[in-house]
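Taken together, the values in this text are just the output of simple stated rules run on the coordinates, not laboratory data. Model, not experiment: these values are computed from the prediction. Here the Cβ is made from the backbone with ideal geometry for all residues, glycine too, and neighbour counts use every protein chain on show.
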């Protein structure tokens, strides 16, 4: 149903410069779509088409769609809308989202937009922009209501009632002293249940907070670990500067997970939507990895060169190369994926290296014994006992080697402070390929009596 | 520091049956560790050792550590603690966590535990257990406070104040009619800001809710998409039966992401901690995938057999097999990872298949041209122009093919309702290996004039 409507909108947009007629029809159709579907369409169409579609929306939908778009795409849309009511769109964003958008814009546009903001919004945006991109300060909401620790519960409720529309969150309220230093937090439910005369200083809890310059991912993980709904953020002196909410923390972790997934697929995460990213930018996100991996794979050529004369004696040995290296890569990745996950959730720590090796040694041996027997049986039938024995023994050895390598790599990555995901798929495969070939031809040389 | 303490505890536990002395020393050391570190230790030690450590903790810490453990491990601990104060541990769990634990236990133990619960806890647990494991009803908290829609804001606040310690969440309050049917929700901040005389029916919002039998992952995604802090859950007749909180939704999505990651590393997610899972169980989570992939890799043996006589003529061709198949696999995985992510966040939909192919065709061509030129240059220098041309052309073709295959596979998986992650690494590599070899030897045959 909505797929049909999307198609119609796209067709109308494509059929030429929007006169009155087409725009009305686009507007009519667009009304039947959700904000989600509209953002998707805006990302999937060309810049001019998307601007046309955007302008056909009513003011409120326009705002909601704009807020739903990724910062990279908000920036692109703004550049096409130039001269339109850009300011109101930007003014309506939350300060942290606005900072992400401004990051995407050229310096000149950024300055212009900043000066066009209202004074308090400009101040809050500047505060957020003051932190590095990796700091949690960039992701907090600076519009935060602090409760004076000298308030009674009754005064606090009265104060909240008068300012109820302002702050982004009032589930968990930060309590501050006269210097604006964070001294505690109080859940609104406890505030409700407290005696009206209780002083906040007495009834507030010890806060789980973060400093604005801390790494965003570490803070987001802490947020999730403690199952918070909101977390106060302070400056270096402990003064309250903002609040982090659960959707901010989820978004940070989601992006981190996507980045890891991209790396374990040996590419870099692209920051905008796939269909609106230029082909060259996608190439850029992949080429470095691809070349590095291809260059490391030259190692396999060199290993095979050592054994070229033996290959010449028994060409049949070449037939099993992809099967054997592939199995090694798969076994290695299985171990790496499991250990990476165990590291992430804290089941395994660096000190467990010996335990991990001992486990993977046993797991690899069992897997290798099973695959090796299977390989021996099948290869013996077709190519004779000798080749069968070579294949069987090689599968056994490769599985043991690959499981251990795969189990150790993520710990090694963690040790040197790298993302374990980087080490899982791409490098393990290359490493296991080269090592596997060494094992294969050593066994073949011995069993077949080559020289 | 805490690593040292952990080591001491482990040493004490290992050195024999806990007399009075060792247990005291364990308790002393354990006091210096966090709940996190204690759970880790309990999972990392043997069952009897962990039981000993657990019993050395004070009652409150014991409860917190028990709640922090994964259900699978809670079950294991209970089986060792048999006869101890198991009931109070189970009684203290939230009903949804308790249901997950009961799932792990043998039917007889489960029944026994259920009957030992207090009446209202038993009833809530039974309610949660009534839903299938994949339904959101299993993950909700059934201890939920509904506000009568005929309440005024003032009455609602009064009612909340009197029952403030009971429900799990009061950030967002469900509003119900006399049949307990969900008619709205109201944020506690709006309740605070409302006029005391306003009727809830007038001031409550349209709820974003879910039915208890809906798929847990779909509901969790909806939860995140709308940036909720809590979501009312209803039965088939729209009656309020529970609330889902943001930590429940995060946990569901986190598990789903881990399962996908495991599958893209060609293994199944293990449900308990890596170090406490038996070696055989880890083997079981990997063996099926490994055998299936090895059997599919037999395809590469068959492809190579076709070209065996050509390999015999130019043995040097064998040297590049792992390099070429590896590059194909990497290119395919890059495309698959990007498209899988785009599908997950809604940037790409099934209808975009032609656009995805067109993009990956161009991306693959550019990547292939770059890698192919590099390959041609290097291989020409070492092995002569002919081999250089074969390698260069093959790299170009393989990159184009693999990028398209990698881009299409996730869409195909989605189309047939499978997890796109399953199709990314393992199958794409195997498929690209076989296809890549066909391309390689076809090009070699043509360029080198083999027959």
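In terms of its alpha-carbon gyration tensor, segment B:30-179 comes out prolate; a/c meets the 1.5 threshold, and the first ratio a/b outweighs b/c.
Plainly put, the tip 7 Å out from Cα toward Cβ on residue A:48 is 8.0 nm from that tip on each other copy, the closest given first. At 7 angstrom along the Cα-to-beta-carbon line, where would the label on residue A:373 sit relative to the other copies? Give the distances in nm, shortest first. Those label-point separations list as 5.4 nm. For the protein assembly as shown, what does the alpha-carbon gyration tensor say about shape, rounded, prolate or oblate, given a ≥ b ≥ c as the root eigenvalues, a/c under 1.5 as rounded, and a/b over b/c as prolate? Oblate shape, in that a/c is at least 1.5 and b/c is the bigger or equal ratio.
Mean per-residue shielding of peptide A:214-225 is 1, counting Cβ atoms of other chains within 10 Å of each Cβ.
Mean partner shielding of peptide A:293-300, defined as the number of other chain Cβ atoms within 10 Å of each residue Cβ, is 6.
Extension gain for residue A:382 to residue A:451 (0.36 nm times residue separation, less C-alpha to C-alpha distance): 22.4 nm. Taking every DSSP bridge with both residues inside the protein assembly as shown, close to 80 percent are antiparallel.
Here's the picture: a label point sits 7 Å out from the Cα of residue A:225 along the beta-carbon direction, and within segment B:33-59 the residues with their amide nitrogen under 13 Å of it are B:34-40.
Taking the number of Cβ atoms within 10 Å of each Cβ as an exposure proxy, the fewest-first ranking of B:241, B:315 is B:315, B:241. What does the C-alpha gyration tensor say about the overall shape of segment A:94-228? Classify as rounded when a/c is under 1.5, otherwise prolate if a/b is larger than b/c, or oblate. Note, shape of segment A:94-228 comes out prolate. Given their separation in residues at 0.36 nm each and the Cα-Cα distance between them, residue B:111 and residue B:15 gain 30.9 nm when the chain is fully extended. Ascending distances from the residue A:419 label point to its copies in the other chains, with the point 7 Å along the Cα-to-beta-carbon line: 2.1 nm.
Shielding of peptide B:407-418 by partners, expressed as the average count of other chain Cβ atoms within 10 Å per residue Cβ, is 0. The simple spin-label model puts a point 7 Å past each Cα toward its Cβ; for residue A:350 and residue B:123 those points are separated by 5.3 nm.
Taking other C-beta atoms within 10 Å as the exposure proxy, B:224, A:124, A:231 rank B:224, A:124, A:231 from fewest upward.
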